[in-house]
Structures are given as C-alpha cells and as structure tokens.
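Trainee: Input: one structure, supplied below.
Laboratory data are not the source of any read-out in this text; all were calculated from the coordinates shown. Since the structure is predicted, the reported quantities are computational estimates derived from the model, not experimental observations. A quick note on method: Cβ atoms are made from the backbone with ideal geometry, for glycine too, and the neighbour counts reach across all protein chains shown.
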Amino acid sequence: TKKGFIFDLDGVIVDTAKYHFVAWKKLAKSIGIDFTEEQNEQLKGVSRVKSLEKILEWGQKNLSKEDFNHLMTQKNKDYLSYINQMDENEILPDVPKILNYLIEEKQGIALGSASKNAVAILERVKLIDKFQAIIDGNGVTKGKPNPEVFLKAKEKLNIKPEDCIVFEDAIAGIQAANSANMTTIGIGDKDILKEADYVFKDFTQISTEFINELIKKD
Ligand code: G16
Ligand code: MG
C-alpha cells in the first residue's frame with residue numbers, strides 16, 4: 001500500500017536550531033535575559049510566539065503587546081539573515097537518499113513543520129520539489145503536541161493516519177504524531193524520544209530495507 005511519510009523540518013531535514021539559538025540569545029540579551037542552550041532545547045518544535053512567551057517567563061519579564069510584537073519581528077529578521085546563507089550543504093546526512101528512495105517507490109511525502117519559514121528553507125536547500133504537500137506554521141492554529149499539523153498533512157496526501165509515518169526530533173512532535181494515530185520515528189536520542197515507535201540517531205542509521213518494511217506493512 002501507498003504510505004504517507006511526513007517529515008518535520010528543523011532537526012530532521014536541516015539543523016536550523018543553531019540559528020534559532022543565536023537569534024533568541026541576541027534578543028534575550030537585548031532585554032537583559034540570559035538564555036542557555038538547555039532552554040533552547042525546550043523550544044524545539046515550539047512556535048515563535050510560544051517561544052518568546054517562554055523566554056519572557058524564564059526571565060520573569062512582562063512586555064506590552066507592542067514591544068512583544070516588535071521583538072518577534074526583530075528575531076525573525078535576524079533569523080532570516082542566517083537562513084538566507086543556507087545551501088544544500090546544510091541538509092542533514094542521508095536525508096536526500098531516503099527522500100529519493102520514497103519517490104522511486106511512489107510513496108506520499110509531506111512536510112509537517114511549526115516554522116513559518118519552512119518554504120524559504122526548503123527552497124534554499126533545494127528540496128522543495130521532493131514534497132507533494134507542505135503544512136507549516138502558516139497553515140495551523142494549534143502547535144505541536146496538538147496533532148493538527150500532521151492531520152492536515154495526511155489529508156493533503158489523502159492517506160489514512162494508520163498509513164502515515166512521521167519523522168520527528170522533538171518530544172512535542174512525537175506526541176502530536178502519536179495522538180494522530182501515526183507511526184512515529186524519533187530522530188535523536190532514545191532516552192529523550194522514549195514515546196516514539198522507533199528511534200534512530202540520524203538518517204545514516206536508517207536503511208532502505210527498513211523503509212521498505214514500513215511500506216509493505218498492512
Ligand atoms: C521549528 C523549530 C522551532 C521554531 C519553530 C517556528 O519547528 O523547531 O524551534 O520555534 O519552527 O519557527 P519560525 O520562527 O521559523 O516560524 P519544526 O516543527 O520544523 O521543528
Ligand atoms: Mg523539529
């Protein structure tokens with residue numbers, strides 16, 4: 001049967017977390033808040049608005065709506081200045097191998113990301129043409145762990161949730177896909193992504209034989 005393979009973006013296809021980190025750190029510093037790498041870890045898969053809310057909470061700061069929106073714009077401007085330097089070299093190892101295999105096998109391929117910059121990033125790294133459906137931060141109202149992003153992706157692919165497989169690096173993303181009733185593949189640390197059906201360190205650990213088994217499963 002044809003399956004739907006849904007990919008998260010940041011932490012799965014590219015490592016943009018490092019750019020989010022420098023941009024958030026700069027912003028936090030500008031309002032006198034110290035922002036650590038451990039805190040950045042907790043922002044993975046979390047929307048831009050929610051991320052700033054968390055940073056302000058950690059720094060125990062209250063801002064007017066106006067200042068809040070101004071900082072959001074600043075952060076994204078700064079982030080985009082890094083994104084605009086990206087190229088194919090920033091695609092994580094063996095991601096194209098798996099995407100090309102799925103295309104050869106005529107499987108459904110979608111993106112399910114919280115980022116509002118997803119299309120720009122896929123264009124920069126020249127992977128945009130591999131995806132039949134793109135659901136990103138512009139197309140959802142509820143962020144992960146809410147399953148909305150993945151449910152919309154499977155609708156666009158026109159594939160049942162039980163026949164969808166989601167690649168995710170964030171706990172919130174695994175939870176979202178689990179509650180959408182999809183098979184979950186964690187990319188990262190087994191101890192962190194405990195709730196996933198399978199966990200691999202990265203795509204170099206995923207064989208085409210494994211993908212084939214997923215495709216063949218009823
Ligand atoms: C990504 C990152 C998050 C980021 C979010 C929103 O999600 O993991 O850290 O806050 O996008 O990004 P933007 O500011 O570009 O809208 P994902 O779902 O691709 O991992
Ligand atoms: Mg992610």
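Trainee: What are the residues in the stretch 59-86 that are in a loop (DSSP other than H, G, I, E, B) and either surrounded by 12 or more Cβ atoms within 10 Å (Cβ to Cβ) or of a type in the set (Lys, Arg) (or both), if any?
Mentor: Result: Gly59, Lys61, Leu63, Met86.
Trainee: I've got another one for you. What number of residues in the stretch 1-22 are away from ligand 2 (no atom under 16 Å from the Cβ) and crowded, with 18+ Cβ neighbours inside 10 Å?
Mentor: Residues flagged as away from ligand 2 (no atom under 16 Å from the Cβ) and crowded, with 18+ Cβ neighbours inside 10 Å within the stretch 1-22 amount to 2.
Trainee: What number of residues within the stretch 23-44 satisfy the criterion of being assigned to a loop (DSSP other than H, G, I, E, B), away from ligand 2 (no atom under 13 Å from the Cβ), surrounded by 17 or more Cβ atoms within 10 Å (Cβ to Cβ) and within 21 Å of the chain's Cα centre (by Cα)? Let's see the steps before the verdict.
Mentor: Within the stretch 23-44, the first condition is being assigned to a loop (DSSP other than H, G, I, E, B), and the residues that meet it are 31-36, 42-44.
Cutting the leftovers down to away from ligand 2 (no atom under 13 Å from the Cβ) gives us 31-36.
Still in the list and also surrounded by 17 or more Cβ atoms within 10 Å (Cβ to Cβ): 33, 35.
If we keep only those that are within 21 Å of the chain's Cα centre (by Cα) as well, we get none.
Adding up the residues that qualify gives 0.
Trainee: Here is a list: Leu56, Leu92. Which entry is surrounded by 15 or more Cβ atoms within 10 Å (Cβ to Cβ) and over 30 Å from Thr208 (Cα atoms)? Step through it out loud before you land on a result.
Mentor: Working: Leu92 fails: over 30 Å from Thr208 (Cα atoms).
The match here is Leu56.
Trainee: Restricting to the stretch 139-195, and then to whatever is closer than 18 Å to Glu213 by Cα and acidic (Asp, Glu), can you tell me which residue is surrounded by the most Cβ atoms within 10 Å (Cβ to Cβ)?
Mentor: Applying the filter and picking the extreme gives Asp163.
Trainee: List pairs: first in the stretch 45-65 and within 29 Å of Ile135 (Cβ to Cβ), second more than 11 Å from ligand 1 (Cβ to nearest atom) and among the small types (Gly, Ala, Ser), Cβ under 6 Å, 6+ apart or cross-chain?
Mentor: Qualifying pairs under 6 Å: Ile55/Ala28.
Trainee: If you scan the stretch 76-117, which residues turn out to be out of contact with any helix residue (DSSP H, G or I) (no Cβ under 8 Å at 6 or more places or on another chain), of a type in the set (D, E, K, R) and within 24 Å of Lys50 (Cα to Cα)?
Mentor: Listed by number, the list holds a single entry, Lys77.
Trainee: Now for a different question. Name the residues in the stretch 16-25 that are in contact with a Phe, Trp or Tyr (Cβ under 9 Å, 6 or more places away or on another chain) and without any contact (Cβ under 8 Å) to a residue 60 or more places away in the chain, would you?
Mentor: Lys18, His20, Phe21, Ala23, Trp24, Lys25
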